[in-house]
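A quick write-up on the structure given underneath.
The values are calculated or read from the model by the stated rules, or taken from the named source; none is laboratory data. Since we're looking at a predicted model, the values are computed, not measured. No Cβ is skipped: glycine too gets one built from the backbone with ideal geometry, and neighbour counts run over all protein chains shown. What goes into the accessible areas is simple: the full protein's heavy atoms, side chains included, and nothing from ligands, DNA or RNA. Shrake-Rupley method; radii C 1.70, N 1.55, O 1.52, S 1.80 Å.
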Amino acid sequence: MTWPSSPEWLLELQARFGALLRTPLDRSTGSLRADTSAYEAALVEAAEASATVTSADRLAVYHRQYWFRLFTVLQGLYPLTARLAGYWRFNEFAAAHLRQRPPRGFDLDAVGEQFELSLAELPPASVALASGSAVGVAAQPLLEAARVDAAFHRVTRAPHAEPFHPSMADAARLLASGLRLSPAVALVQENWPLCELRAALADRHQHDTIRLPEPWPAPRCWLLGRRGSKVGLLALEPREAQLLDLLQRLPLEQALGHLEAAVPPAERAALPEKAQAWLARSVRLGVWAGFAEAREGAADSR
Amino acid sequence: MPQSLAREALGLGLRTRHYRELGEPWPALDYFEIISENFLSDAEGPRYHLDRVRERYPIVLHGVGLNLLGPEPPSSRYLDRVAALAELVDAPFVSDHLCWTGAHGVSHHDLLPVPHVPELVELAAERARHVQQHLGRPFGLENLSSYVAFKASTMSEWDFYAAVVERAACSFMLDINNIYVSSQNHRFSPSDYLARIDFSRVLQVHIAGHTREPSGILIDTHDQPVADPVWQLYRQAFREHPFPTLLEWDDQIPPLAATVSQLERAKAVRA
């Protein structure tokens, strides 16, 4: 099947139009506005004006739509980050993300991919001290909030995966191979109580800024998992979370060795029994999707 | 052979907001339309809701990401996935827009206009013909709401639209609200537009609400009830030849029962 090609003049028009759309909205007046004075003359000239609306103002409709549509999508994908930062600041982060990683492909939700990386790439001062802040939330909790939002989104969007229930025949391999986390599961460690806060933001239509809670005295770990169309949270003991994390990279025997080396001597005696219970619970909860991908020279994976 | 819809069928665009209300009770609708791109990934969540709906209603597919007039032709990978989804739900037809949505590797996620010239009739028709062939089922092209027209245009929008559909041997997915919005924005007669449409080739009609900006430009917002002038055009069109009618509501979405009641008005208008 041979597809016909676009004429050169259309490609030029689309390049100009696209560049206009992707020009950031002006924030200097305290609201987001399309600065039509910066529009390329050739494109403005190509568009029809009417008695009441200039051609530049007509192009501005699309210009605003581009940004506001994507801001709205990102606010929906990162509701915790948006409401901690406040929408004015969040939109500034979103604009930086979209300039760095413009949308590609047909999937609108994909515009949220790597937003947490874009946020981490911003100079910390710009994350912490962006204009319009009523809350003064600093960079570190916002980055953590973005990672929590991203984990919720990843789990929500994951494909179906059959839970892995190892049989007796898998026992030997379990000792020699790591495990693959189910795509419908995520492990999250937090320094502020953000996972429960994120789970409570069921109503995405509220827009008021929320205050950052006090940090935990020590980091907490959560297992995020999907059942049907809902995402649930399960608190994990730190050592349990550490074991689940290690099991993704190391065979069981080595993972247990690392864990044992990490715990104080007083905890070591109880560790084997606890580790067995944590492992059994993880299998029961459907945390695993199979054996980890085989490394070079190792046996093939499930 | 895909199932077909009755010409008088009334349907609703399925949105995430509706999921929690489905089954409490199931609404009195003849069918649902889904946005294809919302179900093209292998994410389990959307598929769960889709499965519930398709057990009870016919489903048609409406795309926003085909990019028919983009610099690159529609990708085979994308079309394969749309075709598989259409097969899964046994869609009577698939539709998308006569527009471009992205260029040079960037998706703008908007329905963008082109100049209406014969050269682009050929381009759009040839591509639409390929799309219909690839999908293996009827394919409808939707007219846009537009806010910009180009001085380079040498044809009216309706002549351009009709010529593409006729040359591609595909169908109209006619949006009556879009006709009204564009007619106000570009000062043409919506009746002239309707007069150019061969209603025997209309797969489905969309109706929706719009908003007037302070500048006077009408925006296709889908966030309020269908406006009276749009209902008048709808009546005029339905009298030409009946067609399945689909209500789109994408923002400020009211409870499902209230949304469905808008379709009761469609029955009254065309009686």
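Two tests apply to each whole DSSP H helix in chain B, Cα reach of 30 Å or more along its axis and mean Kyte-Doolittle hydropathy of at least 1.6, and none passes both. Note on chain A: GNM, Cα springs under 10 Å; of A:Glu267, A:Glu144, A:Glu113, the largest mean-square fluctuation is that of A:Glu267.
With the helix formula -39500 (n - 2.57) applied to DSSP H stretches of n ≥ 4, chain A reaches a computed 222 nm mean residue ellipticity of -14500 deg cm²/dmol. Backbone phi angles across the range B:219-227, fed through the Karplus curve with coefficients 6.51, -1.76 and 1.60 (θ = phi - 60°), yield HN-Hα couplings of 10, 7, 8, 6, 10, 7, x, 5, 6 Hz in residue order; Gly and Pro are listed as x. Positive end of the dipole of chain A (Cβ unit charges, origin at the Cα centre): among A:Gly257, A:Gln14, A:Ala270, the Cα lying farthest that way belongs to A:Ala270. Within the listed set A:Leu223, A:Leu143, A:Leu174, the residue fluctuating most in the Gaussian network model of chain A (springs between alpha-carbon atoms under 10 angstrom) is A:Leu174. For the segment A:13-24, counting C-beta atoms of other chains within 10 Å of every residue's C-beta and taking the mean gives 4. Taken over chain B, the alpha-carbon convex hull comes to 127 cubic angstrom per residue. Within the P(r) computed for the range A:165-224, what percentage of the Cα pairs occupies the region above 14 Å? Taking all Cα-Cα pairs of the range A:165-224, the fraction more than 14 Å apart is 70 percent. Listed values for the range B:64-70 are Karplus-derived 3J(HN,Hα) couplings in whole Hz (6.51 cos²θ - 1.76 cosθ + 1.60, θ = phi - 60°), namely 10, x, 5, 6, 4, 9, x, and x replaces Gly and Pro. Expressed as a fraction of 2.2 N^0.38 Å, the C-alpha radius of gyration for the range A:1-83 is 1.37.
For the range B:97-115, accessible area lost to neighbouring protein chains reaches 30 Å² or more, against the chain alone with a 1.4 Å probe, at B:Trp100, B:His104, B:Gly105, B:Val106, B:Ser107, B:His108, B:His109, B:Asp110, B:Leu112, B:Pro115.
Given axes a ≥ b ≥ c from the Cα gyration tensor, I'd like to know whether the range A:1-157 is rounded (a/c under 1.5), prolate (a/b larger than b/c) or oblate.
Oblate, because a/c is 1.5 or more while a/b does not exceed b/c.
Sites listed here are trypsin sites (Lys or Arg not before Pro) in the range B:38-87 whose DSSP assignment is loop and whose Cβ has at most 15 other Cβ atoms within 10 Å: B:Arg56. What per residue convex hull volume, in Å³, comes out for chain A when only alpha-carbon positions are used? Taking the convex hull of the Cα positions in chain A, it is 210 Å³ per residue. The range B:180-241 and the range B:119-159 have their alpha-carbon centroids 18 Å apart. When both bridge partners sit in the protein assembly as shown, DSSP labels roughly 50% of those beta bridges antiparallel. Averaged over its residues, the protein assembly as shown has an accessible area of 44 Å² per residue, based on protein heavy atoms and a 1.4 Å probe. Under the rule of -39500 (n - 2.57) per DSSP H run of 4 or more residues, summed and divided by the residues of chain B, what mean residue ellipticity at 222 nm is obtained, to the nearest 500 deg cm²/dmol? Helix contribution divided over all residues of chain B: -11500 deg cm²/dmol. Against chain A, whose longest principal axis is taken from its Cα atoms, helix A:87-100 shows a tilt of about 90°. Relative to the dominant Cα principal axis of chain A, helix A:271-284 is inclined by about 50°.
The relative contact order of the range B:140-271 comes to 24 percent, based on Cα pairs under 8 Å that sit 6 or more residues apart.
Note that the range A:161-302, at 25 °C in a medium of 0.890 mPa s, gets a Stokes-Einstein diffusion coefficient of 146 µm²/s from its Kirkwood radius over C-alpha pairs. Sorting B:Asp96, A:Asp107, B:Asp251 by accessible area puts them as B:Asp251, A:Asp107, B:Asp96; the probe is 1.4 Å, largest comes first, and only protein heavy atoms count.
Whole-Hz Karplus values for the range B:26-34 come out as 6, x, 7, 10, 8, 6, 10, 10, 10 Hz, taken residue by residue from phi with 6.51 cos²θ - 1.76 cosθ + 1.60 and θ = phi - 60°; glycine and proline positions read x.
Between B:Thr154, B:Thr245, B:Thr101, the GNM of chain B built on Cα springs shorter than 10 angstrom shows B:Thr154 fluctuating the most. For the residues of A:96-106, the average number of beta carbons from a partner chain within 10 Å of their own beta carbon is 4. With Cα atoms defining each centre, the range A:67-118 and the range A:12-42 are spaced 19 Å apart in the structure. Scaling the Cα radius of gyration of the protein assembly as shown by the globular reference 2.2 N^0.38 Å produces a ratio of 1.08.
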